[in-house]
Amino acid sequence: MGTIDGKLGFLTRSVHVGNDIDRETGAIRRPITMANSYALPYDPSDLNWSSSDVRIYTRNGGANQQYLQEKLASLEGAEDCAVLATGVAALAGVFFTFLKSGDHAVVSDSTYIAAYRLMHELLPGKYGIRTTLADSSDPAAIHAALRPETKLIHIETPSNPTIKISDIAAIAETARSRGLLLSVDNTFASPYNQCPLALGADLCVESLTKYINGHGDAMGGAVAGRRELIDKIRAEAMVNLGGAVSPFNAWLIMRGAVTLPLRMRQHNAAALQVAGFLEQHPAVRFVSYPGLESHAGHTVAKKQMPGGFGGVMAFGLKAGHDAHNRMVSRLKIITSAVSLGHDESLIVFLGEQDERQYLYPPEFHAGFYRLSIGLEDPEDLIDDLAQALSFL
């Protein structure tokens with residue numbers, strides 16, 4: 001099934017690519033292969049022990065990982081895909097593989113905390129890789145941040161946690177004109193809503209833990225792109241750094257990915273309803289959601305997110321620190337927890353002391369929430385928020 005026609009629709013490919021009939025049992029789903037080692041050929045002496053081309057050892061790539069890679073490459077519109085243990089392993093794999101001491105990278109100023117620490121603190125401090133944090137919602141700011149030694153541009157859109165939108169095609173044009181790699185963290189959009197590779201990106205990064213798995217029960221990360229680039233990531237960041245995904249997690253994510261398009265339709269529709277409710281509520285100070293016309297990136301988002309605007313938003317109250325926490329304590333359906341893309345709605349209060357606060361727009365400086373809309377009835381979520389906000 002891995003060679004299924006790529007012209008088939010997204011829903012069909014979500015179901016069929018990577019799956020096949022199990023030859024031993026006749027089961028119409030491939031089983032979990034919980035092996036860490038595979039049978040060697042008659043004469044193994046000429047094997048490359050770090051190769052991923054043949055199954056030797058699960059750190060080099062296991063059966064379930066391979067099936068998942070086939071599915072994700074198809075959904076991302078990529079030549080190849082490398083699946084790793086977590087989304088952070090995927091990010092680190094990109095940075096480790098394509099940057100070396102003395103290189104420079106330009107990174108979105110609104111990013112996941114691990115990406116911020118890797119590029120702003122760890123890689124500069126340990127390896128002398130210099131970085132510039134730039135407002136990627138303004139392509140001119142990315143262009144202005146480039147240096148002769150720049151090798152990589154990394155953006156996140158929609159971004160975590162401010163839900164900033166960056167114009168992938170415009171930034172890809174800048175990268176291409178300078179011979180630079182562009183990587184895009186697509187986690188908040190998912191391949192259903194947005195296809196960075198089709199917009200000119202070289203690499204697309206996904207935290208599989210979020211929407212693609214969709215059930216809050218497995219961790220994984222992926223990088224999709226041209227085969228020559230993915231081969232390097234697989235060799236350096238997976239085999240030789242040991243960032244391989246477990247067979248069980250690969251199997252769980254494979255199962256979850258089948259329903260990705262159905263789930264994303266519900267996330268998108270419900271989030272737009274909830275964001276509209278919050279924007280009109282008198283106790284709410286601001287709402288950041290790209291599906292709202294009031295969002296600064298709405299026009300760009302409409303252009304590059306044809307599937308929908310995702311299920312994550314940020315908002316703040318016309319109230320102080322304790323009131324933000326009290327509101328969360330009153331919620332009955334929405335759960336106070338980190339992560340996103342789960343079947344249940346999740347909310348987290350980000351206070352005024354976030355180490356990245358200086359990079360956020362002013363409206364975020366008084367504390368705010370990141371809300372991930374799940375698969376519940378949107379009317380129930382709105383009622384839950386309404387009763388929790390009623391004390392203000």
Select from the range 277-289 the residues that are surrounded by 16 or more Cβ atoms within 10 Å (Cβ to Cβ) and either assigned to a helix (DSSP H, G or I) or in contact with a Pro (Cβ under 6 Å, 6 or more places away or on another chain) (or both) and list them in ascending order. Phe277, Leu278, Glu279
Meets criteria (more than 18 Å from Leu181 (Cα to Cα) and acidic (Asp, Glu)) for Glu121: yes
Which pairs do you get when a residue that is assigned by TED's automatic domain parsing to the domain that holds Glu70 and free of Cβ contacts under 8 Å to residues at least 24 places away in the same chain, found in the range 5-24, comes within reach of a residue that is in a loop (DSSP other than H, G, I, E, B) and loosely packed, with under 10 Cβ neighbours inside 10 Å, reach meaning Cβ atoms under 6 angstrom, with the pair 6+ apart or on two chains? Ile21/Ile28
Counting only residues in the range 370-381 that are touching a strand residue (DSSP E or B) at 6+ places or on another chain (Cβ under 6 Å) and crowded, with 21+ Cβ neighbours inside 10 Å, the one nearest to Ala283 (Cα to Cα) is identified as Leu371
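I'd like to know if the range 225-234 contains one or more residues that are of a type in the set (Asp, Glu) and outside the structural domain of Phe98 (by TED's automatic domain parsing). Can you show your working first?
Restricting attention to the range 225-234, the residues satisfying the condition of being of a type in the set (Asp, Glu) are 228, 231.
Still in the running and outside the structural domain of Phe98 (by TED's automatic domain parsing): none.
No: zero hits.
Restricting to the range 225-271, count the residues that are acidic (Asp, Glu) and free of Cβ contacts under 8 Å to residues at least 60 places away in the same chain. Before you say what the answer is, go through the steps one by one.
Here is the first cut: in the range 225-271, the residues acidic (Asp, Glu) are 228, 231, 236.
If we keep only those that are free of Cβ contacts under 8 Å to residues at least 60 places away in the same chain as well, we get 228.
Selection size over the range 225-271: 1.
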Residue identified as out of contact with any His (no Cβ under 7 Å at 6 or more places or on another chain) and either closer than 27 Å to Asp383 by Cβ or at pLDDT below 95 (or both) among Ala314, Ala257: Ala314
When Lys318 is run through (1) farther than 25 Å from Ser190 by Cβ; (2) surrounded by 21 or more Cβ atoms within 10 Å (Cβ to Cβ), the failure sits at (2)
Scan the range 290-315 for residues that are surrounded by 18 or more Cβ atoms within 10 Å (Cβ to Cβ), under 18 Å from the mean Cα position of the chain (by Cα) and of a type outside the set (Phe, Trp, Tyr) and jot them down. Pro290, Ala301, Gln304, Met305, Gly308, Gly310, Gly311, Val312, Met313, Ala314
Can you list residue pairs whose Cβ atoms sit under 9 Å apart, with the first residue in the range 177-195 being in the same structural domain as Ile153 (by TED's automatic domain parsing) and touching a residue at least 12 places away in the same chain (Cβ under 8 Å) and the second being hydroxyl-bearing (Ser, Thr, Tyr) and in a helix (DSSP H, G or I)? Count only pairs 6 or more apart in sequence or on different chains. Leu180/Thr174; Leu182/Thr174; Tyr192/Ser14
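Conditions tested, residue by residue: (1) small (Gly, Ala, Ser); (2) free of Cβ contacts under 8 Å to residues at least 24 places away in the same chain.
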position: Ile56; (1), (2): no, yes
position: Ala85; (1), (2): yes, no
position: Val88; (1), (2): no, no
position: Gly102; (1), (2): yes, no
position: Ala115; (1), (2): yes, no
So the helices (runs of 4 or more DSSP H) completely within the range 127-220 holding 2 or more residues that are modelled with pLDDT of 95 or more and surrounded by fewer than 24 Cβ atoms within 10 Å (Cβ to Cβ) are 139-145, 168-178
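This table checks each residue for (1) closer than 30 Å to Asp217 by Cβ; (2) in contact with a Lys or Arg (Cβ under 9 Å, 6 or more places away or on another chain); (3) loosely packed, with under 14 Cβ neighbours inside 10 Å.
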position	(1), (2), (3)
Ile334	yes, no, no
Val338	yes, yes, yes
Asp343	yes, yes, no
Val348	yes, yes, no
Asp354	yes, no, no
Tyr358	no, no, yes
Phe364	no, no, no
Phe368	yes, yes, no
Give the range 264-273 a look and list any residue that's surrounded by fewer than 24 Cβ atoms within 10 Å (Cβ to Cβ) and either in contact with a His (Cβ under 6 Å, 6 or more places away or on another chain) or not polar (S, T, N, Q) (or both), or say none. Arg265, Ala269, Ala270, Leu272
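Could you pull out the residue among Val106, Val184 that is out of contact with any Pro (no Cβ under 6 Å at 6 or more places or on another chain) and not small (Gly, Ala, Ser)?
Exactly one residue qualifies, and that residue is Val106.
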Give me the helices (runs of 4 or more DSSP H) completely within the range 1-116, filtered to those with at least 2 residues that are farther than 30 Å from Pro139 by Cβ, in contact with a strand residue (DSSP E or B) (Cβ under 6 Å, 6 or more places away or on another chain) and not acidic (Asp, Glu), ordered by residue number. 63-76
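Test Asp384 against the criterion of being within 19 Å of Gln273 (Cβ to Cβ), outside the structural domain of Ile212 (by TED's automatic domain parsing), part of a helix (DSSP H, G or I) and in contact (Cβ under 8 Å) with a residue 24 or more places away in the chain, and give yes or no.
Working: within 19 Å of Gln273 (Cβ to Cβ): yes; outside the structural domain of Ile212 (by TED's automatic domain parsing): yes; part of a helix (DSSP H, G or I): yes; in contact (Cβ under 8 Å) with a residue 24 or more places away in the chain: yes.
So Asp384 passes the test.
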Look at Ala90 and say whether it is aliphatic (A, V, I, L, M) and in contact with an Asp or Glu (Cβ under 6 Å, 6 or more places away or on another chain). no
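The values are calculated or read from the model by the stated rules, or taken from the named source; none is laboratory data. Because the structure is predicted, anything quoted here is derived from the model rather than measured. Methodologically, a virtual Cβ is constructed for each residue, glycine included, from the backbone with ideal geometry; neighbour enumeration extends over all protein chains shown.
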